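Note sheet for the following structure.
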Amino acid sequence: MIDYEKAVARGVGSGGGAGARGWRSLLLLVALVASTAALYASFSSTLRVSAWFLVPPLSNSSPEEFVLLPSTCPTHPHTRPLLGRPLSASLSSAQVPVSTASPSLIAPSPSPAEGAYVPKAPPLVPDGPGFIPSPGFLPVSTVTPPSVAPVPRPRVGDDAMTDLQLIHAKKAIAGAPVVLHDPDLYAPLFLNVSVFKRSYKMMERILKVYIYEDGPKPLCHTPQLDGIYASEGWFMKLMEENTQFVVKDPNKAHLFYLPYSSRQLRTQLYVAGSRSMKPLSIFLRDYVNSISAKYPFWNRTRGADHFLVACHDWATYTTNLHEELRKNTIKVVCNADVSEGVFVRGKDVSLAETYVRTPNSPRKAIGGRPASRRSILAFFAGQMHGRVRPILLRHWRRRDRDMRIYEVLPDEIAAKMSYIEHMKSSKFCICPMGYEVNSPRIVEAIYYDCVPVIIADNFVLPFQEVLDWSAFSVVVAEKDIPSLKEILLGISGRRYVRMQTNVRRLRKHFLWNDKPVKYDLFHMILHSIWFNRLNHVHVR
Ligand SMILES: *[C@@H]1O[C@H](CO)[C@@H](O)[C@H](O)[C@H]1NC(C)=O
Ligand SMILES: *[C@@H]1O[C@H](CO)[C@@H](O)[C@H](O)[C@H]1NC(C)=O
């Protein structure tokens with residue numbers, strides 16, 4: 001079993017294997033029953049917690065809570081409308097403030113029943129200690145969320161100042177001077193490097209972020225830095241440590257960060273076996289309601305200048321009980337799937353999923369062979385999650401020496417060449433979606449100098465606002481899996497070398513640093529939030 005699958009089996013992943021690991025599931029189940037019992041005991045005896053949490057998971061749930069989401073989504077032709085579009089074009093089409101956005105910007109809720117989103121992935125055992133609400137934490141209310149009728153309030157004082165600064169920044173970016181050469185930015189990676197450079201500079205000069213101190217630990221303010229959901233943890237840690245962008249005075253802020261962890265929500269609030277995300281949605285609804293009641297900032301834009309950063313597969317679904325959170329807030333999520341009506345391109349941000357094996361050295365073992373020493377054409381190994389991978393396997397498993405397409409990498413092969421060594425020795429690394437569109441393999445491929453081949457219709461790629469993904473990756477539509485080899489062989493040797501060189505140059509934009517450096521992953525994420533916020537600022 002490769003490391004990735006081990007991690008999944010340990011519980012950081014979004015799905016559990018079946019079949020061969022049946023005995024393991026049994027052990028997990030026993031552990032689960034024991035820990036759930038302990039959890040309830042500790043809660044009911046010492047803490048006043050809201051009623052929903054104490055309700056036994058099965059008996060009181062309505063039948064709707066067991067409705068399963070379809071495991072396959074309708075497929076749409078893969079489109080990349082923002083690619084190649086100059087900023088001015090995307091700005092002019094987005095000059096509606098979110099508050100008065102046309103209904104088409106706001107997609108209909110896919111809710112089968114209120115709060116009843118059900119995982120596409122078989123849920124796993126919660127993997128952490130019990131949730132202990134802090135004293136100031138608001139109990140769960142039954143207040144229904146206000147319907148969204150945002151009315152922009154005339155602004156005075158500091159509000160007006162922060163608005164003017166955003167307008168100034170937006171104008172400055174639209175008139176960006178053309179950059180011909182920049183020692184730190186490799187132009188072919190970007191849609192328009194002049195725009196990116198100018199926007200980044202304006203961010204450094206202007207942007208201030210306020211972080212709410214509210215929220216119980218460990219659901220909030222508790223970054224976890226390892227595993228496949230590490231991106232939300234790293235962002236939280238680096239944002240909370242930051243002094244350049246963070247302000248103590250919320251009146252000076254252009255953006256407001258809701259510092260919760262979607263992974264902790266999953267660990268602490270999901271009732272094992274319930275197949276319902278409702279407790280997670282309820283927590284978020286009440287968290288936002290408490291913030292919007294306590295401070296004036298949320299209501300000012302109905303949440304449009306607020307953002308969350310969440311990498312768990314369920315993160316987009318758990319916003320469903322708060323209309324404004326779901327529709328207006330900038331959601332920075334790994335599961336950037338435009339087909340589900342929750343993630344909105346140009347407003348929300350696709351968060352790069354990074355699988356961090358060793359938090360002390362997140363960049364361990366990066367790098368790979370030069371193009372000339374990559375003997376394998378294409379490589380994939382992994383579990384059969386989701387709709388795409390079984391199709392990939394059906395067409396390519398044991399068909400062709402050039403196409404090394406496996407299920408979990410067989411032991412006898414792994415003994416000769418590890419998963420990572422395969423990535424370092426292949427020309428193309430196939431990154432098919434799992435249960436959800438995103439995959440940690442994309443960033444893994446970038447770390448090991450392998451050109452990623454992305455198969456996930458409707459996926460908005462990370463930093464697609466500014467990066468030209470065609471310069472360093474191949475996007476293959478799901479329907480084209482049968483001609484995968486042909487497509488890859490159609491890429492000339494020269495073009496491949498150029499792409500692989502670009503991957504190497506791209507890498508720094510996808511790296512976590514203990515102390516963030518210019519243009520690294522932390523700053524790229526913050527930039528995308530800033531950039532998308534500007535998309536929705538009205539320039540008179
Ligand atoms: C990049 O954007 C700037 C500013 O809008 C524009 O002047 C320039 O022509 C654009 N460059 C390319 C290559 O599109
Ligand atoms: C914000 O709006 C909500 C409902 O629209 C209201 O309950 C809340 O009190 C408002 N917050 C403030 C600080 O006025």
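Residue check, Phe459 against (1) aromatic (Phe, Trp, Tyr); (2) crowded, with 23+ Cβ neighbours inside 10 Å; (3) closer than 21 Å to Ser426 by Cα, all met but one. Which one?
Here Phe459 meets the rest and fails (3).
Within the range 156-191, count every residue that is modelled with pLDDT under 95, open to solvent by 30 Å² or more (accessible area, probe 1.4 Å) and under 24 Å from Ser473 (Cβ atoms).
Summing the residues that are modelled with pLDDT under 95, open to solvent by 30 Å² or more (accessible area, probe 1.4 Å) and under 24 Å from Ser473 (Cβ atoms) in the range 156-191 gives 1.
Please go through the range 235-252 and give me each residue that is open to solvent by less than 10 Å² (accessible area, probe 1.4 Å) and either touching a Ser or Thr at 6+ places or on another chain (Cβ under 7 Å) or in a helix (DSSP H, G or I) (or both), ordered by number.
Step one: of the range 235-252, the residues open to solvent by less than 10 Å² (accessible area, probe 1.4 Å) are 235-236, 238-239, 245.
Once the filter is applied, which keeps residues that are open to solvent by less than 10 Å² (accessible area, probe 1.4 Å) and either touching a Ser or Thr at 6+ places or on another chain (Cβ under 7 Å) or in a helix (DSSP H, G or I) (or both), the range 235-252 yields Phe235, Met236, Leu238, Met239.
Within the range 292-308, take every residue that is in contact with a helix residue (DSSP H, G or I) (Cβ under 6 Å, 6 or more places away or on another chain) and closer than 10 Å to Leu325 by Cβ and give me the one that is nearest to ligand 2 (Cβ to nearest atom).
Ser292
In the range 293-309, is there at least one residue being without any contact (Cβ under 8 Å) to a residue 40 or more places away in the chain, away from ligand 1 (no atom under 16 Å from the Cβ) and on the phi > 0 side of the Ramachandran plot?
yes
Tell me the residue from Lys347, Lys364 that is among the basic types (Lys, Arg), modelled with pLDDT of 95 or more and not assigned by TED's automatic domain parsing to the domain that holds Phe428, please. It would help to see each step written out before you state the result.
Working: Lys364 fails: modelled with pLDDT of 95 or more.
Going through Lys347, Lys364 in turn, just one is among the basic types (Lys, Arg), modelled with pLDDT of 95 or more and not assigned by TED's automatic domain parsing to the domain that holds Phe428: Lys347.
For the condition in a loop (DSSP other than H, G, I, E, B) and buried (at least 19 other Cβ atoms within 10 Å of the Cβ), what is the one hit in Glu444, Glu436?
On the way: Glu444 fails: in a loop (DSSP other than H, G, I, E, B).
Checking each option against the conditions leaves just Glu436.
Does Ser483 qualify as being among the hydroxyl-bearing types (Ser, Thr, Tyr) and under 19 Å from the mean Cα position of the chain (by Cα)? Even if it seems obvious, please write down each step before you answer.
Details: among the hydroxyl-bearing types (Ser, Thr, Tyr): yes; under 19 Å from the mean Cα position of the chain (by Cα): no.
So Ser483 fails the test.
Scan the range 384-415 residue by residue and report those that are open to solvent by 40 Å² or more (accessible area, probe 1.4 Å) and in a helix (DSSP H, G or I).
Pro390, Ile391, Arg394, His395, Asp411, Glu412, Ile413, Ala415, listed by residue number.
Among the residues of the range 471-480, are any of a type in the set (Gly, Ala, Ser) and either under 17 Å from the mean Cα position of the chain (by Cα) or buried (at least 21 other Cβ atoms within 10 Å of the Cβ) (or both)?
We begin by selecting, within the range 471-480, every residue of a type in the set (Gly, Ala, Ser); these are 471, 473, 477.
From what is left, the residues that are either under 17 Å from the mean Cα position of the chain (by Cα) or buried (at least 21 other Cβ atoms within 10 Å of the Cβ) (or both) are 473.
Looking through the range 471-480, at least one residue is of a type in the set (Gly, Ala, Ser) and either under 17 Å from the mean Cα position of the chain (by Cα) or buried (at least 21 other Cβ atoms within 10 Å of the Cβ) (or both).
Starting from residues that are open to solvent by less than 10 Å² (accessible area, probe 1.4 Å) and among the hydrophobic types (A, V, I, L, M, F, W, C), keep the ones in the range 298-320 and report whichever is farthest from Ser231 (Cα to Cα).
Trp298
Out of the range 225-282, which residues are of a type in the set (S, T, N, Q) and touching a residue at least 40 places away in the same chain (Cβ under 8 Å)?
Hits for the range 225-282 are Ser231, Asn242, Gln244, Asn251, Ser261, Ser262, Gln264, Thr267, Gln268, Ser274, Ser276, Ser281.
Just the residues that are open to solvent by 10 Å² or more (accessible area, probe 1.4 Å) and assigned to a loop (DSSP other than H, G, I, E, B), please, taken from the range 205-234.
Result: Lys208, Glu213, Asp214, Gly215, Lys217, Pro218, His221, Thr222, Pro223, Gln224, Leu225, Asp226.
Suppose we keep only residues that are surrounded by 21 or more Cβ atoms within 10 Å (Cβ to Cβ) and touching a residue at least 60 places away in the same chain (Cβ under 8 Å) within the range 192-201. Which one would you say is nearest to ligand 1 (Cβ to nearest atom)?
Val195
Could you grab me the full set of residues in the range 302-328 that are closer than 23 Å to Thr162 by Cα and in contact with a Lys or Arg (Cβ under 9 Å, 6 or more places away or on another chain)?
Initially, the range 302-328 is screened for residues closer than 23 Å to Thr162 by Cα, giving 302-309, 324-325, 327-328.
The answer is Arg302, Gly303, Ala304, Asp305, Phe307, Leu308, Val309, Glu324, Leu325, Lys327, Asn328.
Between a residue in the range 152-178 that is farther than 17 Å from Asn532 by Cα and any residue that is within 16 Å of ligand 2 (Cβ to nearest atom) and modelled with pLDDT under 90, which pairs come within a Cβ distance under 6 Å, given they are 6 or more apart or on different chains?
Between residues of the range 152-178 that are farther than 17 Å from Asn532 by Cα and residues that are within 16 Å of ligand 2 (Cβ to nearest atom) and modelled with pLDDT under 90, the close pairs are Pro152/Ser99.
The rows are residues; the columns are (1) of a type in the set (Phe, Trp, Tyr); (2) within 16 Å of ligand 2 (Cβ to nearest atom); (3) over 16 Å from the mean Cα position of the chain (by Cα).
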residue	(1), (2), (3)
Pro188	no, no, yes
Tyr200	yes, no, yes
Lys208	no, no, yes
Thr222	no, no, yes
Ile228	no, no, no
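Filter the range 278-291 for residues that are within 13 Å of ligand 2 (Cβ to nearest atom), open to solvent by 20 Å² or more (accessible area, probe 1.4 Å) and within 17 Å of Ala315 (Cβ to Cβ) and give the result. Working first, answer last.
Taking the range 278-291 first, the residues within 13 Å of ligand 2 (Cβ to nearest atom) are 285-286, 288-291.
So of that shortlist, the ones also open to solvent by 20 Å² or more (accessible area, probe 1.4 Å) come out as 285, 289-290.
Scanning the range 278-291 gives a single hit, Arg285.
Given Pro177, Pro183, which one is assigned by TED's automatic domain parsing to the domain that holds Val288, more than 30 Å from Lys294 (Cα to Cα) and within 14 Å of ligand 1 (Cβ to nearest atom)? Spell out the reasoning first.
Numbers: Pro183 fails: within 14 Å of ligand 1 (Cβ to nearest atom).
On inspection, the qualifying residue turns out to be Pro177.
The values are calculated or read from the model by the stated rules, or taken from the named source; none is laboratory data. The structure presented is a predicted model; accordingly, all values stated were derived computationally and were not measured. Positions of Cβ are backbone-derived with ideal geometry, glycine not excepted, and every protein chain shown enters the neighbour counts. Surface areas here come from the heavy atoms of the whole protein model, side chains and all, with no ligands, DNA or RNA. Shrake-Rupley method; radii C 1.70, N 1.55, O 1.52, S 1.80 Å.
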